[in-house]
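Visitor: Structure incoming, see below.
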Ligand SMILES: Nc1ncnc2c1ncn2[C@@H]1O[C@H](COP(=O)(O)OP(=O)(O)O)[C@@H](O)[C@H]1O
Ligand SMILES: [Mg+2]
């Protein structure tokens, strides 16, 4: 068996002092494509923000391509109640290091700067992820790949983000993730608020991304979208993985909701 690409071991975290998720163990093999499905507000986004180092893990480890991305040191005791420890404590996990390792997280909800143009966002993405300017040839190759996947955003290259539709913004976010040359791409609710037609377009693009060799973690509320793209689905509720379903065993939306909430749902 080959070594896992990503491994989470006993991960817990949240927003101090509220724990949002706990005891998450997960193995993603190289080349895999996995999905997460679960009710709103149960901690999927918080988990992914912790995996990518935006939030600090409370316990557990994040191991990516054989490298532990978090420091092992347990949280130190807090002696003074009114002292801001965050000012002096070294972070246990550095999101820059995560991105540099190739673990790229496209967050939920279009967090692009509205005053930047599409071109500026795409140009800055490889620099931000790698921490250095890519060669012109590498940047051009990445840009061409992104524009071939999303012809719609190639047309809007000089437009500011704030003039784009929700679907176009989502495409720019994913294209920016691709420009970072991901070894694993996390997409958090990419179809949120999109029309069925745009969902199909997006599904085709995401399928092409996976076919080009990029492993995926997909979080979405659209079961059809998910099951057309993934090998395995994790049900996530109350801050825990509650069930694992292989591709062939993923039922329709109603049956999944019944699994999550009981037959009465
Ligand atoms: N920045 C934040 N500060 C405090 N609580 C938050 C923050 N963001 C989300 N939460 C809370 O964390 C819980 C999990 O939210 P989230 O991870 O977004 O769930 P999901 O992605 O599954 O919908 C919710 O109760 C939400 O209100
Ligand atoms: Mg979410």
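The values are calculated or read from the model by the stated rules, or taken from the named source; none is laboratory data. The structure presented is a predicted model; accordingly, all values stated were derived computationally and were not measured. Every residue, glycine as well, gets a Cβ built from its backbone with ideal geometry; the counts of neighbours run over all protein chains shown.
Visitor: How about the range 39-55: which of its residues are buried (at least 17 other Cβ atoms within 10 Å of the Cβ) and more than 10 Å from ligand 2 (Cβ to nearest atom)?
Guide: 50, 51, 52, 53, 55
Visitor: Only one of these is free of Cβ contacts under 8 Å to residues at least 60 places away in the same chain and surrounded by 15 or more Cβ atoms within 10 Å (Cβ to Cβ): 205, 181, 255, 211. Name it. Steps first, please.
Guide: On the way: 181 fails: free of Cβ contacts under 8 Å to residues at least 60 places away in the same chain; 255 fails: surrounded by 15 or more Cβ atoms within 10 Å (Cβ to Cβ); 211 fails: surrounded by 15 or more Cβ atoms within 10 Å (Cβ to Cβ).
Residue meeting the stated conditions: 205.
Visitor: Next question, about the same structure. If I ask for residues that are within 16 Å of ligand 2 (Cβ to nearest atom) and assigned to a strand (DSSP E or B), which ones from the range 234-265 would you list?
Guide: Scanning the range 234-265 gives 234, 235, 236, 237, 240, 241.
Visitor: Residue 160 fails exactly one of the following numbered conditions: (1) more than 14 Å from residue 114 (Cα to Cα); (2) at pLDDT 95 or above; (3) touching a helix residue (DSSP H, G or I) at 6+ places or on another chain (Cβ under 9 Å). What is the number of that condition?
Guide: All conditions pass for residue 160, except number (1).
Visitor: Listed residues 57, 39, 17; which is in contact with a helix residue (DSSP H, G or I) (Cβ under 6 Å, 6 or more places away or on another chain) and within 16 Å of ligand 1 (Cβ to nearest atom)?
Guide: Testing whether each residue is in contact with a helix residue (DSSP H, G or I) (Cβ under 6 Å, 6 or more places away or on another chain) and within 16 Å of ligand 1 (Cβ to nearest atom) leaves just 57.
Visitor: Return the total of residues in the range 82-101 being part of a loop (DSSP other than H, G, I, E, B) and at pLDDT below 75.
Guide: Counting residues in the range 82-101 that are part of a loop (DSSP other than H, G, I, E, B) and at pLDDT below 75 gives 4.
Visitor: Okay, moving on. More than 16 Å from ligand 1 (Cβ to nearest atom), surrounded by fewer than 15 Cβ atoms within 10 Å (Cβ to Cβ), under 27 Å from residue 51 (Cα atoms) and more than 18 Å from the chain's Cα centre (by Cα): which single residue out of 113, 163 fits that description?
Guide: After ruling out the rest, the residue left standing is 113.
Visitor: Another question, then. Which of (1) within 15 Å of ligand 2 (Cβ to nearest atom); (2) surrounded by 17 or more Cβ atoms within 10 Å (Cβ to Cβ); (3) within 25 Å of residue 63 (Cβ to Cβ) does residue 190 not meet, given it meets every other one?
Guide: With respect to (1) within 15 Å of ligand 2 (Cβ to nearest atom); (2) surrounded by 17 or more Cβ atoms within 10 Å (Cβ to Cβ); (3) within 25 Å of residue 63 (Cβ to Cβ), residue 190 is out only on (3).
Visitor: Here's a follow-up. Going by the structure shown, is residue 122 in a helix (DSSP H, G or I), in contact with a helix residue (DSSP H, G or I) (Cβ under 6 Å, 6 or more places away or on another chain) and closer than 26 Å to residue 65 by Cβ?
Guide: So residue 122 passes the test.
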